[in-house]
Every structure is written in structure tokens, then in C-alpha cells.
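*Asks:* Quick one: structure below, then a few questions.
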Amino acid sequence: MVVYGSCSVVNRIRGGTEEVIICPHRLYADNYRTLRACVLDAIGCSLPMYLAKEYSARKRAGSLPDDYVVLLGRGSGREISLENRGVIRLSLDWVIARVTHGSLTLIIPCEIQSIDITGNYHANWKAYSEEKPTIPNSQHGMNWANVWKRLIPQLILKGSIASTSKLCTQGSYFVVPDRVYIQFEKLVGSVGTVAATGSGVLNVMTYALGPDAPRGSIRALEHRRTVRMLTVEFAKAFASGKTLPLGTQLDDKVQLALNTL
């Protein structure tokens, strides 16, 4: 099995090109910088942040500070799973748990998503890896349908759960490439924003690749926007159907299909 290890793609668009982060792990760069930004945004200050193994070791050694946060998610303990038996079962990408003087005082749920592709970029990647003189174009496409099929419903479900928690007092967080969030805006349309974190608030933090870096170096992540809205308003905007095709289009398409049989 070959692991490509590609984190981003470049797409041709009208008037130029665009870069899109396609691997969520790219958003963990610089020692989980994006999650640290969520902590700073929610709490207003930086706190010591531990992965599960370090937290466990410090706990046994009795060397934990009075105020800190623990990351629970892939590669750090385990993802927090929730279920209503026989109805639904889901997992949170990340939970940031604040512990103050030995007590759990704040929970910050955080979803980190990118976008997957259709097709593939194998020939393109292989030519680069073998330093070929001619590099063929990638044959990938963007699976934008996943935004409304999977990503938006997940945000609504998980944000709704967080809004009923006594400890999610700063809302939930969504870390996403800015280009992917633009697709969210196209689908959902206009949603009223709020000025601050709070219970039931969806805090969106978008990122893009920073300026070009020297050969062999990794480009930094660049924070683009922070957008806040009530999860319930986000859900209403998505369910309103304002950006969906009209029912008259359905009527016409069915009639056309019958006419052509």
C-alpha cells in the first residue's frame, strides 16, 4: 500500500487557482495550534495543554498545575462517544476539558474537518515523487456534496447536544479550511452572527495555507476568520431551503424524463 501523504490540492478556477486543505491532520500542525487557538478564544488566556498520556503521567506523579486543559480525541485517549441506544451513536472529534483545582469546569467540543476529493492524483503525485521532468495534471475533483450530506448535519447534531450541556458554556468550535467554509456559506445562506462565545454558540475558525516556505519546509497555517452564530439559527437557515433547487425544477425534470422515455 502506498501512502500519498498529500495534505492539500490546487484547483484551477476562473481567473487563476485556489488551494484547498483536504486532510484534517494538516490542521493539527504546529503542535495542535488550532486547538490552542480554540482554548485562547474560549477562555481568554493560554493554559497548559496536555495530551492524554502526559496528563495521565502528571496525574500519577502529582505534578499537575491548578488550571489546565486536556485534549481528548484521536491519538489522545479516545474520542468521546455519545448514543441514544437504538436511535443514534456519534463521536466528537475533539473535546477540550478544562480542569481547575482538580474539578472539571469547562468542556469545549471541537470538530476539525476538511474536504475529501473525487478521482485521484496518483500519476501527479508519482511524477513529483520520482522528480520526473514532466508533471501530469492531477485528476482529482472536490466532493462538495459531502458538505450538505455529512458535514452540516454533523455540526447541527453535535452543536445541539453541546447546547444542553451544563459545562459547554462557551459553545462548540468548528475548525475548517476557509475555502470549505465558503461552500458552507453558499449552502446555508445568510445567518445572523453573535459577538461572543456562549452556550449554544457555534464558533467557526477558518484557516488556509500561509505564504510559500523554503524548499523542504512546511508552510504555516494562517487564521483567516472567526465567525459566531447560534447553532439553532444555523440549523434553521440550512433547513429553510432558500438555497436549494426549487420544487418546480423537480416537476419539470420528472416531466422531461417521462417525455423522453
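Just so you know, all these numbers are worked out from the coordinates, no wet-lab data involved. Computed from a predicted structure; not experimentally measured. FYI the Cβ positions are ideal-geometry reconstructions off the backbone, even for glycines, and counts take in every protein chain you see.
*Asks:* Looking at 248, 260, 243, can you tell me which residue is surrounded by fewer than 17 Cβ atoms within 10 Å (Cβ to Cβ), in contact with a helix residue (DSSP H, G or I) (Cβ under 6 Å, 6 or more places away or on another chain) and more than 25 Å from residue 38 (Cα to Cα)?
*Replies:* 243
*Asks:* When segment 144-167 is examined, which residues are found to be within 18 Å of residue 83 (Cβ to Cβ), of a type in the set (A, V, I, L, M, F, W, C) and surrounded by 20 or more Cβ atoms within 10 Å (Cβ to Cβ)?
*Replies:* 162 - this is the single residue of segment 144-167 that is within 18 Å of residue 83 (Cβ to Cβ), of a type in the set (A, V, I, L, M, F, W, C) and surrounded by 20 or more Cβ atoms within 10 Å (Cβ to Cβ).
*Asks:* OK, next. Which of (1) touching a Phe, Trp or Tyr at 6+ places or on another chain (Cβ under 8 Å); (2) surrounded by fewer than 11 Cβ atoms within 10 Å (Cβ to Cβ); (3) of a type in the set (S, T, N, Q) is the odd one out, the single condition residue 6 does not satisfy?
*Replies:* Every listed condition holds for residue 6 apart from (2).
*Asks:* Whether any residue in segment 35-58 is surrounded by 14 or more Cβ atoms within 10 Å (Cβ to Cβ) and part of a strand (DSSP E or B) is what I want to check.
*Replies:* yes
Matching residues to (1) in contact (Cβ under 8 Å) with a residue 12 or more places away in the chain; (2) crowded, with 18+ Cβ neighbours inside 10 Å; (3) over 19 Å from residue 181 (Cβ atoms); (4) charged (D, E, K, R):
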| residue | (1), (2), (3), (4) |
| --- | --- |
| 101 | yes, no, yes, no |
| 118 | yes, no, yes, no |
| 123 | yes, no, yes, no |
| 131 | no, no, yes, yes |
| 142 | yes, yes, no, no |
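*Asks:* Could you list, in sequence order, the residues of segment 144-161 that are free of Cβ contacts under 8 Å to residues at least 12 places away in the same chain and either more than 16 Å from residue 234 (Cβ to Cβ) or of a type in the set (Phe, Trp, Tyr) (or both)?
*Replies:* 145, 149, listed by residue number.
*Asks:* I would also like to ask the following. Among the residues of segment 185-205, count how many are under 18 Å from residue 166 (Cβ atoms) and small (Gly, Ala, Ser).
*Replies:* 3
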